[in-house]
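Colleague: Submitted below is the structure of interest, expressed as structure tokens.
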Protein chains: 2
Amino acid sequence: MTPHRPAMRRAPPVLGCLIALLAAAAPAPAADRAERTAARLRDQALAGEAIAYGFVSELTTRFGPRPAGSAAEHAAADWAAARLRALGFDRVAIEPFPLVGWTRGEESAEIVGAHPQRLAAAALGGSPATPASGIEGEVVPFDSLEALRAAPVGSLEGRIVLLNQRMPRVAGGYGALVPGRLFAPGEAADRGAVALLLRSLGTGTARFAHVGSTRYRDGRVPLPSFALAGADADQIERLLALGETVRVRLHSQAAHVDTHSQNVVAELHGREAPDEVIVLAAHLDSWDAGTGAIDDGAGVAIVVAAAELIARLPQRPRRSLRVVLYGAEEVAQPHTPETGGAAYLARHAAEVGDHVLAMESDFGAGAVQALSLPPGVAASDFGRALYRVLTPMAIVPSREPPGRGGVDIAPLVEAGVPAFVLRQDGSRYFDFHHTADDTLDKIDRAELDQNVAAWAALAWLAAQTGADFRALSAAEPAE
Amino acid sequence: MTPHRPAMRRAPPVLGCLIALLAAAAPAPAADRAERTAARLRDQALAGEAIAYGFVSELTTRFGPRPAGSAAEHAAADWAAARLRALGFDRVAIEPFPLVGWTRGEESAEIVGAHPQRLAAAALGGSPATPASGIEGEVVPFDSLEALRAAPVGSLEGRIVLLNQRMPRVAGGYGALVPGRLFAPGEAADRGAVALLLRSLGTGTARFAHVGSTRYRDGRVPLPSFALAGADADQIERLLALGETVRVRLHSQAAHVDTHSQNVVAELHGREAPDEVIVLAAHLDSWDAGTGAIDDGAGVAIVVAAAELIARLPQRPRRSLRVVLYGAEEVAQPHTPETGGAAYLARHAAEVGDHVLAMESDFGAGAVQALSLPPGVAASDFGRALYRVLTPMAIVPSREPPGRGGVDIAPLVEAGVPAFVLRQDGSRYFDFHHTADDTLDKIDRAELDQNVAAWAALAWLAAQTGADFRALSAAEPAE
């Protein structure tokens with residue numbers, strides 16, 4: 001009984017043409033052997049020979065939501081490790097680390113008074129429980145974090161702040177507004193508020209709360225803090241515009257629990273330089289309402305499938321490829337050891353000097369559209385060969401630098417490991433991100449395979465070359 | 001503080017052009033005075049002069065969900081009556097009737113066992129409560145009601161049936177599959193099942209349960225019956241395909257309560273033939289998770305705004321226009337008096353012979369695309385004039401007959417009152433219908449106004465003509 005999935009069965013027209021064209025094309029005469037192999041890996045993935053879709057389907061179906069430190073996250077890690085062993089990785093390890101986890105429990109949000117209505121809302125990660133009787137207060141809206149910061153200390157005594165910032169559908173929209181999620185609870189608390197409502201950081205019109213972690217202060221979130229669906233923030237705003245006082249009651253049984261998380265580390269040993277390690281990163285944990293298909297089941301499937309295509313080759317590449325499926329990404333707080341990225345760095349500190357490259361896939365399954373390389377790498381023979389292989393898939397050089405490469409690999413990058421970034425089409429990502437609607441049907445199979453194609457080609461070329469990415473990153477590019 | 005609503009601010013290109021063209025067009029020389037007035041009403045609505053959007057905004061904002069017989073439905077009726085009086089209707093009455101209402105209470109649905117996961121599910125209207133400890137059983141899927149009916153009696157002892165019918169995005173798709181919602185609980189009970197899961201009758205991919213009433217047997221729904229989001233039905237199907245047994249636990253505190261509902265009746269008295277009544281129908285009640293914006297706040301706004309445009313004219317039309325905002329539409333069961341439609345017929349039985357026409361708006365705010373008239377009416381001078389006024393708005397004669405015209409007016413139609421039907425674009429209606437996502441932002445303002453334009457022109461022409469719609473409906477059309 002095959003589910004009917006029209007959106008997944010047909011490749012977008014551009015991708016469909018590319019698959020046909022690339023399958024028919026003979027290798028360019030000038031391409032060297034590594035480049036020809038990279039092109040073949042790419043074409044295999046585009047032709048649907050990669051295991052990515054089946055992997056993310058089974059991960060999200062068997063385990064559903066996988067909150068950091070939950071039984072589902074642990075079970076997913078065990079399953080992934082077993083599957084990676086079966087796929088022929090040379091060494092697979094589960095590396096546990098301690099974690100203070102957060103559980104949601106029952107919760108509710110409602111307008112009370114003359115116009116009682118339930119609200120579509122969900123506590124932000126780390127938010128403390130309310131008293132059993134709930135918290136009630138009059139809502140005071142602010143359009144921006146700056147506007148909230150302009151309110152005098154004490155001016156919000158007993159109130160519930162609604163931070164009603166609106167997110168545009170543009171690259172960088174999320175990053176520009178996420179400080180509101182991180183800092184508004186503290187700013188509201190400083191001014192006497194008893195709770196915070198955050199208009200969801202999202203682009204969709206479906207009535208879901210988009211959750212996410214907020215920032216701790218002295219080890220805790222200072223106020224009960226809820227994400228509110230955009231439609232419900234609008235509803236409150238309209239009631240206020242009608243001249244009504246809006247009182248909201250919030251209830252939450254959220255709790256912190258001592259638990260653990262883990263990274264799953266699976267390596268293809270390099271044939272000639274096994275100590276030179278390339279990290280291919282994604283994260284196994286997810287938020288707790290959806291099944292974490294785009295965040296980050298897709299990334300897990302992309303890096304596993306890309307490495308698995310390379311593992312099928314008659315021999316290993318020169319350098320080691322290390323797939324790291326991180327735990328506890330979603331709960332990252334700065335300067336705490338309680339994330340997969342920090343735990344990996346702590347455990348592998350002695351080898352980090354030999355890590356030649358780190359890359360992370362954590363932006364859904366939208367097609368790769370651009371590549372960010374350090375300028376010196378982009379201008380090198382390696383960089384030029386890489387672009388030759390990626391260009392036919394409609395991938396261009398990015399105007400953005402690689403930056404820290406992602407939450408999981410940021411600690412490695414801060415320790416000096418170069419990062420490359422395959423930048424994806426994220427125009428629909430924030431329709432679903434951190435909501436109950438992050439489910440398998442949001443993944444387009446052809447676009448997922450296009451990601452695998454780019455990752456396999458890049459990972460192969462990077463593992464097969466002798467190029468020193470650290471040195472190239474430090475050097476000025478040739479004119 | 002004006003909310004940012006890009007989707008509402010711009011008219012679709014076609015409508016935008018029409019507004020410009022129609023505003024500039026001089027009346028055709030052949031058009032008689034009534035037809036010119038109809039065209040002017042149409043153009044006023046297209047130009048944004050109708051009150052529809054404000055009306056549905058305030059209705060859905062103030063009262064949120066308005067389940068049949070709830071305090072919110074009662075308050076919405078009081079508000080609507082007061083507003084209609086203020087708008088200048090000649091007579092406004094609230095007509096109450098008794099109702100056994102249904103309340104949802106707390107509820108949950110989850111997969112238990114090796115792969116525990118919460119499900120996005122909601123009890124169907126009328127579904128009985130489960131025991132406090134819930135109901136648990138192994139899921140058995142069926143692709144169609146016919147497949148369920150083919151299962152032997154007793155073969156589903158202790159099981160939970162999943163009716164996994166998939167709805168296409170096509171006119172008639174809902175009607176073809178709604179018998180599954182009505183009859184599957186009884187069919188499952190007959191075969192020994194303990195509960196029913198119904199894959200949502202909907203076309204969207206957002207993870208919402210689409211609820212709706214199911215059919216009573218001996219005054220009750222025979223089994224706890226839940227609607228399940230499509231993504232969750234897929235999840236169960238995939239788990240079964242992986243060889244897993246899927247056990248589900250359902251919990252519901254649903255209850256029936258003695259209450260009342262009401263119809264709000266607001267009339268513009270006819271200048272020459274006040275006893276000849278034209279009913280313009282919509283319903284005030286809604287399902288309980290969304291705010292009933294498309295079902296049926298839009299319809300309420302359309303009929304009110306159309307009548308209000310006519311009320312602004314220097315004199316009343318010949319016949320009476322009666323706006324009826326029904327209560328308790330969503331809980332309609334056949335052959336019970338507990339609906340607004342049945343209550344209206346019972347109360348107005350003596351005048352029904354003078355009702356010359358009934359029309360209902362209950363399909364969201366999608367643009368009107370076609371008009372269903374009885375053939376004899378379509379071929380009459382009245383019908384030809386009507387088409388001349390509607391055609392410029394991209395409205396064509398429908399291939400479908402008017403049928404019973406809608407749930408609210410069906411009792412009138414069965415009692416012999418002719419119905420006309422303005423058929424709307426419903427291609428997105430079932431993305432939101434009967435879900436928490438039925439909220440104001442799903443209404444396109446320009447399309448809403450196009451509906452008002454069509455309704456105002458039609459209502460005016462029908463109220464101003466002397467044509468006998470009953471006689472024309474009974475006659476064969478002229479060749």
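Colleague: Kindly evaluate B:L156 against the criterion of being of a type in the set (A, V, I, L, M, F, W, C) and under 24 Å from B:Q333 (Cα atoms).
Modeller: No.
Colleague: Given the structure, is B:D431 within 14 Å of chain A (Cβ to nearest Cβ), touching a helix residue (DSSP H, G or I) at 6+ places or on another chain (Cβ under 7 Å), in a helix (DSSP H, G or I) and touching a residue at least 12 places away in the same chain (Cβ under 8 Å)?
Modeller: no
Colleague: Shifting gears a bit: With respect to B:A68, determine if the residue is assigned to a helix (DSSP H, G or I), within 30 Å of A:L240 (Cα to Cα) and either modelled with pLDDT of 95 or more or in contact with a His (Cβ under 7 Å, 6 or more places away or on another chain) (or both).
Modeller: no
Colleague: So which strands (runs of 3 or more DSSP E) are wholly in segment A:243-313 and hold at least 2 residues that are within 13 Å of the chain's Cα centre (by Cα) and at pLDDT 95 or above?
Modeller: A:273-283
Colleague: Inside segment B:332-381, can you point out the residues that are of a type in the set (S, T, Y) and closer than 30 Å to B:Y53 by Cβ?
Modeller: B:T339, B:Y344, B:S361, B:S372, listed by residue number.
Colleague: Any residue in segment B:128-145 that is within 14 Å of another protein chain (Cβ to nearest Cβ) sitting within a Cβ distance under 7 Å of a residue that is of a type outside the set (D, E, K, R) and surrounded by fewer than 18 Cβ atoms within 10 Å (Cβ to Cβ)? List the pairs, counting only those 6 or more apart or interchain.
Modeller: Pairs found: B:P141/B:L240.
Colleague: Oh, and also: Regarding B:E351, is this residue of a type outside the set (A, V, I, L, M) and part of a helix (DSSP H, G or I)?
Modeller: Judged against the criteria, B:E351 is a match.
Colleague: Right, another one. Do we have any residue at all in segment B:84-107 that's among the polar types (S, T, N, Q), buried (at least 18 other Cβ atoms within 10 Å of the Cβ) and either within 30 Å of B:G297 (Cβ to Cβ) or out of contact with any strand residue (DSSP E or B) (no Cβ under 8 Å at 6 or more places or on another chain) (or both)?
Modeller: No.
Colleague: Now, a different point. Please verify whether B:D381 is within 14 Å of another protein chain (Cβ to nearest Cβ) and surrounded by fewer than 22 Cβ atoms within 10 Å (Cβ to Cβ), treating the condition exactly as stated.
Modeller: No.
Colleague: Between a first residue in segment B:372-398 that is touching a residue at least 12 places away in the same chain (Cβ under 8 Å) and a second residue that is assigned to a helix (DSSP H, G or I) and surrounded by fewer than 19 Cβ atoms within 10 Å (Cβ to Cβ), which pairs have beta carbons less than 6 Å apart while being 6 or more apart in sequence or on different chains?
Modeller: That search, which allows pairs on different chains as well, returns B:P392/B:L22.
Colleague: Something else now. When the residues of segment A:84-128 are filtered to those that are assigned to a strand (DSSP E or B) and among the acidic types (D, E), which remaining residue is nearest to B:A71 (Cα to Cα)?
Modeller: Here the residue is A:E110.
Colleague: Report whether or not B:L228 is within 14 Å of another protein chain (Cβ to nearest Cβ), surrounded by fewer than 18 Cβ atoms within 10 Å (Cβ to Cβ) and hydrophobic (A, V, I, L, M, F, W, C).
Modeller: Spelling it out, it is not the case that B:L228 is within 14 Å of another protein chain (Cβ to nearest Cβ), surrounded by fewer than 18 Cβ atoms within 10 Å (Cβ to Cβ) and hydrophobic (A, V, I, L, M, F, W, C).
Conditions tested, residue by residue: (1) closer than 23 Å to A:S127 by Cα; (2) outside any helix (DSSP H, G or I).
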{"site": "A:V170", "(1), (2)": "no, yes"}
{"site": "A:R181", "(1), (2)": "yes, no"}
{"site": "A:P185", "(1), (2)": "yes, no"}
{"site": "A:L196", "(1), (2)": "yes, yes"}
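Colleague: Looking at segment B:435-449, is at least one residue away from every other protein chain (no Cβ under 14 Å), at pLDDT 95 or above, out of contact with any Asp or Glu (no Cβ under 6 Å at 6 or more places or on another chain) and in a loop (DSSP other than H, G, I, E, B)?
Modeller: no
Colleague: Would you say A:F420 is within 14 Å of chain B (Cβ to nearest Cβ) and of a type in the set (F, W, Y)?
Modeller: no
Colleague: Going by what's in this entry, would A:G416 be described as over 14 Å from the mean Cα position of the chain (by Cα) and either surrounded by 15 or more Cβ atoms within 10 Å (Cβ to Cβ) or under 15 Å from A:R470 (Cα atoms) (or both)?
Modeller: Taking the combined requirement at face value, the residue satisfies it.
Colleague: Just name the residue that is nearest to the other protein chains (Cβ to nearest Cβ) out of those in segment B:107-127 that are closer than 11 Å to B:V248 by Cβ and of a type in the set (S, T, N, Q).
Modeller: So, considering only residues that are closer than 11 Å to B:V248 by Cβ and of a type in the set (S, T, N, Q), the one nearest to the other protein chains (Cβ to nearest Cβ) is B:Q117.
Colleague: Among the residues of segment A:40-52, is there at least one that is in contact with a helix residue (DSSP H, G or I) (Cβ under 9 Å, 6 or more places away or on another chain) and within 14 Å of another protein chain (Cβ to nearest Cβ)?
Modeller: No - not one qualifying residue is present in segment A:40-52.
Colleague: Something else about it: How many residues are surrounded by fewer than 20 Cβ atoms within 10 Å (Cβ to Cβ) and within 14 Å of chain B (Cβ to nearest Cβ) if we restrict to segment A:241-294?
Modeller: 6
Colleague: Give the residues of segment A:192-220 that are surrounded by fewer than 24 Cβ atoms within 10 Å (Cβ to Cβ), away from chain B (no Cβ under 14 Å) and either without any contact (Cβ under 8 Å) to a residue 40 or more places away in the chain or of a type in the set (A, V, I, L, M) (or both), sorted by residue number.
Modeller: Correct list: A:G192, A:V194, A:R217, A:D218, A:G219.
Colleague: Please verify whether segment A:372-390 includes one or more residues that are more than 30 Å from A:A122 (Cα to Cα), outside any helix (DSSP H, G or I) and of a type in the set (D, E, K, R).
Modeller: no
Colleague: Just name the residue that is nearest to B:P317 (Cα to Cα) out of those in segment B:467-479 that are at pLDDT 95 or above and part of a loop (DSSP other than H, G, I, E, B).
Modeller: Within segment B:467-479, the match that is nearest to B:P317 (Cα to Cα) is B:A467.
The values are calculated or read from the model by the stated rules, or taken from the named source; none is laboratory data. Nothing here was measured: the structure is a model prediction, and the numbers come from that model. Quick reminder, even Gly has a Cβ in these numbers, built from the backbone with ideal geometry, and neighbours come from all protein chains shown.
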